[in-house]
1. Looking at A324, A308, A283, which one is open to solvent by 20 Å² or more (accessible area, probe 1.4 Å) and either out of contact with any strand residue (DSSP E or B) (no Cβ under 9 Å at 6 or more places or on another chain) or in a helix (DSSP H, G or I) (or both)?
2. Output the number of the condition that V306 fails; it satisfies all remaining conditions of (1) at pLDDT 85 or above; (2) of a type in the set (V, I, T); (3) closer than 30 Å to E83 by Cα.
3. Can you work out which of the residues in the range 94-131 that are open to solvent by 60 Å² or more (accessible area, probe 1.4 Å), in a helix (DSSP H, G or I) and at pLDDT below 85 is nearest to P286 (Cα to Cα)?
4. Say whether the condition of being closer than 25 Å to Y118 by Cβ and polar (S, T, N, Q) is met by at least one residue in the range 21-30.
5. Which condition number does A327 fail, the rest of (1) more than 25 Å from the chain's Cα centre (by Cα); (2) without any contact (Cβ under 8 Å) to a residue 24 or more places away in the chain being met?
6. Which of (1) modelled with pLDDT of 85 or more; (2) outside any helix (DSSP H, G or I); (3) not polar (S, T, N, Q) is the odd one out, the single condition G91 does not satisfy?
Amino acid sequence: MWKLHRYYLKELGINFGITFLVMFAVVLVSLVTRGINRSQGGELIDAFMITVLFALDAFPHLLSITFLVAVVLTYTRAAQDRELIALRAAGISPRVPMMPALLIGLFLSVTGSFANHYVIPQVHYMKYRVIANVVRNVFMNLNLGSDRIPILDTGFVMTFAEKEGDDYIDCTIYCPPGKQVNDRVNSPVIRVDRVSMPKPEEHDETLRIVLSGARDPVPDADSQLDLGDIILNVGVHDIADRGRRADRDEDVRSDQLLGEVMRDVHRQPGFAVYTLFRRCCFALMPALLAPIGFCIAELMRMRGRVLAITVALLPIALFYVGEAIGARIQHATGSPWAAWMPIVLLLAFGVPLCWRQLRR
């Protein structure tokens, strides 16, 4: 029996590895644009890290889908080559060739459980915070690589003719309606000879902007043509945190999340428990899909691998339909047990199928 198990274990491992690498590469390539867009103002390594982290966040989904495809491909090939029929004719139960898939499924469930509860939350957190340095975030949000720079969070926009080091020469500042850089300015447009934005130190909390030679291009009787030097102080964290994503339950490891619930410090304990149950569902997926994939492959032995893979999409679709239904139920009732709805639908599909095929 060990030779039989080793035979299918080897084929399953190769098929799973190739399928996982191909699908992970597809996901990675599809996220390159997002990584480049999110790393504007950063370096190439930042774009690479963002792309990789977004791809790793899809690990629970890829793990289950690629494993099911590998199981279906392996056992459909065995069924078409009459290997499964020969084993049945020899009096060997179909549970014996199915055991390698179940062993790999259990191993992937354990691995996926550790990843879902401890690794993926950290990845989910880090993918929004690759450029963690506050100063870099400041200058990225200021869009200093462009010729139109929003120098304040209040809506002021600056254009410049040329750049000298860290200074901008011959600048024009456009003020939004109802805003003024200086009380003596009546025009929504200000001309400035030089704008200096020295880089703040690592622990500085204020960005100092010096407007040298500011003047009102449309003065009246109460205003002065030359406004002199104007110094603007902008809070670094106000700019760095602009558009910052608030922390969610998906960003917290399961042990920390459970600790917050047990200590009654979590603001929404129902959502926290729902998140924990949801992670458990994704961890159980490979173990549940192993017998389902085997039975689908044996059922489709006379119809080809393409049709077998197409049918294998049905349990995947049921799982994600259950995911959507469970989320709706949880929002409507507040019950965290709705997270198990995908497993319920998967069992409703898989138990009759496996009962029929394994007892045939």
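The values are calculated or read from the model by the stated rules, or taken from the named source; none is laboratory data. Bear in mind the structure is a predicted one, so any value in this text is a computation, not a measurement. Every residue, glycine among them, receives a Cβ derived from its backbone with ideal geometry; neighbour counts consider all protein chains shown. Note: accessible area is taken over every heavy atom of the protein model, side chains too, but ligands, DNA and RNA are not part of it. Shrake-Rupley method; radii C 1.70, N 1.55, O 1.52, S 1.80 Å.
1. Answer to the selection: A324.
2. (1)
3. Restricting to residues being open to solvent by 60 Å² or more (accessible area, probe 1.4 Å), in a helix (DSSP H, G or I) and at pLDDT below 85, the top hit is R95.
4. The answer is no; no qualifying residue exists.
5. Against the list (1) more than 25 Å from the chain's Cα centre (by Cα); (2) without any contact (Cβ under 8 Å) to a residue 24 or more places away in the chain, A327 comes up short only on (1).
6. Here G91 meets the rest and fails (1).
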